[in-house]
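Engineer: Input: one structure, supplied below.
The values are calculated or read from the model by the stated rules, or taken from the named source; none is laboratory data. Here the structure is a predicted model, which is why all the values come from computation and not from measurement. Glycine also receives a Cβ, built like all others from the backbone with ideal geometry; neighbour counts cover every protein chain displayed.
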Amino acid sequence: MSRYTEAKCRLCRREMTKLYLKGAKCYTDKCPLEKRKFPPGKPGRGRQKALIGYNLQLREKQKVKRHYGMTEKQFFLFFQRANRMGGVTGENLIQLLERRLDNVVFKSGFATSRNQARQLIRHGFVQVNGRKVNIPSFLVKKEDIVEYREGKKEKITDLAEEGKNLVNSSVKTLPTWFSVDHDEMKVKIVELPGIKDISIPVEEHLIVELYSK
């Protein structure tokens, strides 16, 4: 499967939004977006054209896709699933993306980035309702319990402590749709997420318009 291997901070600068791809660095003044508030490339600080029409829709799709660390094919499959659900397609899409297991592990503070969360899941560190799950795109449901497996917890105590410190210092805010026990390394899904729960500003209707052409 293809994956992005270049500097991740360039993606944030390209979308002019923090995508939280580099862990703790994203929450400090070392974030390149804090110093270079213009897109990468040779024109550099040159005047940027206003985005309209297709370009605006494309940038919105790219921003959300990169935020969750997905390939184009993966993202489109999620869109198709959201489109088959009842209700508003854009809101369905965001809810499905938020329910991904790698997103839950990252947002709970048990991983410093979604990429790291995917690695932990693939290597069998995580279980849902007592059963090992090694698929990062697994969708959690209401009342699910996500936790690190016994025998794996001691290997990542430093990682869990780092996530706990980010939350306690109010640098990182926990979503309201799940509760976290950092001492037990456990997450309980108390309700399904909504459009308000995404960490970046998004106009999901633009993504729907793009794929509806």
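Engineer: Could you tell me whether any residue of the stretch 66-77 is closer than 24 Å to Asn134 by Cβ, modelled with pLDDT under 70 and not polar (S, T, N, Q)?
Structural biologist: no
Engineer: Checking Phe138 against (1) without any contact (Cβ under 8 Å) to a residue 60 or more places away in the chain; (2) touching a Phe, Trp or Tyr at 6+ places or on another chain (Cβ under 7 Å); (3) more than 20 Å from Ile195 (Cβ to Cβ), which test does it fail?
Structural biologist: (2)
Engineer: Say we look at the stretch 202-213 and pick out the residues that are assigned to a loop (DSSP other than H, G, I, E, B) and modelled with pLDDT of 85 or more; which of these is surrounded by the most Cβ atoms within 10 Å (Cβ to Cβ)?
Structural biologist: Taking the stretch 202-213 as the starting set, the residues that turn out to be assigned to a loop (DSSP other than H, G, I, E, B) are 202-203, 212-213.
Still in the running and modelled with pLDDT of 85 or more: 202-203, 212.
Details: Val202: 19, Glu203: 14, Ser212: 10.
So the residue we want is Val202.
Engineer: Right, next: Out of contact with any Ser or Thr (no Cβ under 7 Å at 6 or more places or on another chain), outside the structural domain of Phe178 (by TED's automatic domain parsing) and either hydroxyl-bearing (Ser, Thr, Tyr) or surrounded by 23 or more Cβ atoms within 10 Å (Cβ to Cβ) (or both): which single residue out of Thr112, Thr89 fits that description?
Structural biologist: Working: Thr112 fails: outside the structural domain of Phe178 (by TED's automatic domain parsing).
Among Thr112, Thr89, only Thr89 is out of contact with any Ser or Thr (no Cβ under 7 Å at 6 or more places or on another chain), outside the structural domain of Phe178 (by TED's automatic domain parsing) and either hydroxyl-bearing (Ser, Thr, Tyr) or surrounded by 23 or more Cβ atoms within 10 Å (Cβ to Cβ) (or both).
Engineer: Is there a residue being under 17 Å from the mean Cα position of the chain (by Cα), assigned to a helix (DSSP H, G or I) and modelled with pLDDT of 90 or more anywhere in the stretch 48-60?
Structural biologist: For the stretch 48-60, residues under 17 Å from the mean Cα position of the chain (by Cα), assigned to a helix (DSSP H, G or I) and modelled with pLDDT of 90 or more: present.
Engineer: In the stretch 147-163, is there at least one residue being of a type in the set (Val, Ile, Thr), surrounded by 15 or more Cβ atoms within 10 Å (Cβ to Cβ) and within 21 Å of Glu98 (Cβ to Cβ)?
Structural biologist: In the first step, residues of the stretch 147-163 are kept if they are of a type in the set (Val, Ile, Thr); the result is 156-157.
Retained after the next criterion (residues that are surrounded by 15 or more Cβ atoms within 10 Å (Cβ to Cβ)): 156.
In the following step, the residues that additionally are within 21 Å of Glu98 (Cβ to Cβ) were identified as none.
Among the residues of the stretch 147-163, not one is of a type in the set (Val, Ile, Thr), surrounded by 15 or more Cβ atoms within 10 Å (Cβ to Cβ) and within 21 Å of Glu98 (Cβ to Cβ), which makes the answer no.
Engineer: Follow-up question, since we're still on this one. Quick test for you: out of Phe106, Phe78, pick the one residue that is assigned by TED's automatic domain parsing to the domain that holds Ser179, within 30 Å of Glu162 (Cβ to Cβ), under 19 Å from the mean Cα position of the chain (by Cα) and not β-branched (Val, Ile, Thr). Can you show your working first?
Structural biologist: Details: Phe78 fails: assigned by TED's automatic domain parsing to the domain that holds Ser179.
Just one listed residue meets the conditions, Phe106.
Per-residue answers, yes or no, for (1) aliphatic (A, V, I, L, M); (2) in contact with a helix residue (DSSP H, G or I) (Cβ under 7 Å, 6 or more places away or on another chain):
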| position | (1), (2) |
| --- | --- |
| Gln62 | no, yes |
| Gln74 | no, no |
| Thr89 | no, yes |
| Asn92 | no, yes |
| Leu101 | yes, yes |
| Ala111 | yes, yes |
| Ile121 | yes, yes |
| Pro136 | no, yes |
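Engineer: With (1) out of contact with any Phe, Trp or Tyr (no Cβ under 9 Å at 6 or more places or on another chain); (2) closer than 23 Å to Glu204 by Cβ as the list, and Gly124 as the residue in question, which single condition is left unmet?
Structural biologist: (2)
Engineer: Kindly check whether there is at least one residue in the stretch 191-209 that is farther than 26 Å from Arg84 by Cβ, of a type outside the set (D, E, K, R) and more than 19 Å from the chain's Cα centre (by Cα).
Structural biologist: Within the stretch 191-209, not a single residue is farther than 26 Å from Arg84 by Cβ, of a type outside the set (D, E, K, R) and more than 19 Å from the chain's Cα centre (by Cα).
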